[in-house]
Amino acid sequence: MSEIFDHWPEKYDQWFETPIGRLVKAYEGQLLFRMLKPDRGEFILDAGCGTGVFTSDLLGREAKVVGLELSRSMLVRAMVKNKGRYFLYVQGDMRNLPFAQAAFDKVVSVTAIEFIEEAKVAVEEMFRVTKPGGIIVVATLNSLSSWAHRRGEAGKKGHPIFRHALFRSPEEVAELSPLEGIVQTAVHFEKTDDLDLAQKTREIRDEYLHRLEKRNPKLSNGASSGSQ
């Protein structure tokens, strides 16, 4: 499976530099960090870290991060991107994490379980390596969204990446967890929407969430999953 990503590191990073890519990353990153609550000195596993798009943000919070990735070329790009920072890199399979039980304070995985048929095994492994009372955040592309529909259609036409993807609904993702968690969504606009309007919508949503969290600071505690 790793070979399907081996020729994509540069294209993957380039997409996040496009206007739509930057906006999606901002939405996703905000939800991820609101749920994960990374803190200085915490030992965090980024399972399926890819090129380190979100790993870099975790390191910016002064967390100590281990990035696990199946594709060596993706992992090498993450290594280069985060050179000189407290980033440890491991090539490995999420279904069989090469770490001891309760090794990490927190675990995050972004758009990786779409490519794992035995996703429940991968989630169980994340729980195994997380300390009691820790936080696990799994972000995936919502099968009910138009984004997943378009990529699913591209997969049917032979797209080299999306033909291997298995998109799940929020309910299906929640069922992967052995504990009851929190399900939230991050991106609520179409790929073809006006980006200025989408940005304005994001600002209004940010203000609303800020007020909501001030009233209920425990909003995102616990094992969590997120869907785009």
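Tell me the residue from Leu32, Leu45 that is out of contact with any His (no Cβ under 9 Å at 6 or more places or on another chain) and either part of a loop (DSSP other than H, G, I, E, B) or more than 18 Å from Asn82 (Cα to Cα) (or both), please.
On inspection, the qualifying residue turns out to be Leu32.
Could you go through the stretch 133-150 and let me know if any residue there is more than 24 Å from Tyr27 (Cα to Cα), out of contact with any Asp or Glu (no Cβ under 8 Å at 6 or more places or on another chain) and modelled with pLDDT of 90 or more.
Checked the stretch 133-150: at least one residue is more than 24 Å from Tyr27 (Cα to Cα), out of contact with any Asp or Glu (no Cβ under 8 Å at 6 or more places or on another chain) and modelled with pLDDT of 90 or more.
Tell me which residues, restricted to the stretch 62-90, are closer than 15 Å to Asp105 by Cβ and either modelled with pLDDT under 90 or of a type outside the set (D, E, K, R) (or both).
Ala63, Val65, Val66, Tyr86, Leu88
If you check every pair at least six apart or on different chains, which have Cβ atoms under 6 Å apart with a residue in the stretch 132-161 that is at negative phi and surrounded by 12 or more Cβ atoms within 10 Å (Cβ to Cβ) first and a residue that is of a type in the set (Asp, Glu) and in a strand (DSSP E or B) second?
Gly134/Asp105
With respect to the numbered conditions (1) part of a loop (DSSP other than H, G, I, E, B); (2) in contact with a Gly (Cβ under 9 Å, 6 or more places away or on another chain); (3) crowded, with 22+ Cβ neighbours inside 10 Å, which one is the sole condition not fulfilled by Glu62?
For Glu62, the failing item is (3).
I'd like to know if the stretch 35-46 contains one or more residues that are modelled with pLDDT of 90 or more, on the phi > 0 side of the Ramachandran plot and surrounded by fewer than 22 Cβ atoms within 10 Å (Cβ to Cβ).
yes
Give me the residue from the stretch 99-119 that is touching an Asp or Glu at 6+ places or on another chain (Cβ under 8 Å), of a type outside the set (A, V, I, L, M) and farther than 18 Å from Ile161 by Cβ and, out of that set, surrounded by the most Cβ atoms within 10 Å (Cβ to Cβ).
Lys106
What is the one condition in (1) touching a Leu at 6+ places or on another chain (Cβ under 9 Å); (2) modelled with pLDDT under 80 that Lys200 does not satisfy?
Of (1) touching a Leu at 6+ places or on another chain (Cβ under 9 Å); (2) modelled with pLDDT under 80, only one is false for Lys200: (1).
Given the conditions (1) over 16 Å from the mean Cα position of the chain (by Cα); (2) in a helix (DSSP H, G or I); (3) under 23 Å from Tyr12 (Cβ atoms); (4) not charged (D, E, K, R), and given that Val121 satisfies all but one, which numbered condition is not satisfied?
Result: Val121 passes all but (3).
Looking for something closer than 24 Å to Phe167 by Cβ and polar (S, T, N, Q) - is there at least one such residue anywhere in the stretch 86-96?
Among the residues of the stretch 86-96, at least one is closer than 24 Å to Phe167 by Cβ and polar (S, T, N, Q), which makes the answer yes.
Inside the stretch 80-98, can you point out the residues that are surrounded by 16 or more Cβ atoms within 10 Å (Cβ to Cβ) and either part of a strand (DSSP E or B) or touching a Gly at 6+ places or on another chain (Cβ under 9 Å) (or both)?
Once the filter is applied, which keeps residues that are surrounded by 16 or more Cβ atoms within 10 Å (Cβ to Cβ) and either part of a strand (DSSP E or B) or touching a Gly at 6+ places or on another chain (Cβ under 9 Å) (or both), the stretch 80-98 yields Lys81, Asn82, Phe87, Tyr89, Met94.
State all residues of the stretch 85-123 that are without any contact (Cβ under 8 Å) to a residue 60 or more places away in the chain, among the charged types (D, E, K, R) and either out of contact with any helix residue (DSSP H, G or I) (no Cβ under 9 Å at 6 or more places or on another chain) or on the phi > 0 side of the Ramachandran plot (or both); if no residue qualifies, say none.
Matches in the stretch 85-123: Glu117, Lys120.
Evaluate the following for Arg77: is it of a type in the set (Lys, Arg), assigned to a loop (DSSP other than H, G, I, E, B) and touching a residue at least 24 places away in the same chain (Cβ under 8 Å)?
In short, no.
What's the number of the condition Glu171 fails, among (1) closer than 16 Å to Val110 by Cα; (2) free of Cβ contacts under 8 Å to residues at least 40 places away in the same chain?
Glu171 satisfies all of (1) closer than 16 Å to Val110 by Cα; (2) free of Cβ contacts under 8 Å to residues at least 40 places away in the same chain except (1).
The values are calculated or read from the model by the stated rules, or taken from the named source; none is laboratory data. As the structure is a computational prediction, the values presented were derived from the model and not from experiment. As a convention, Cβ positions derive from the backbone with ideal geometry for all residues, glycine included, and neighbour counts pool all protein chains shown.
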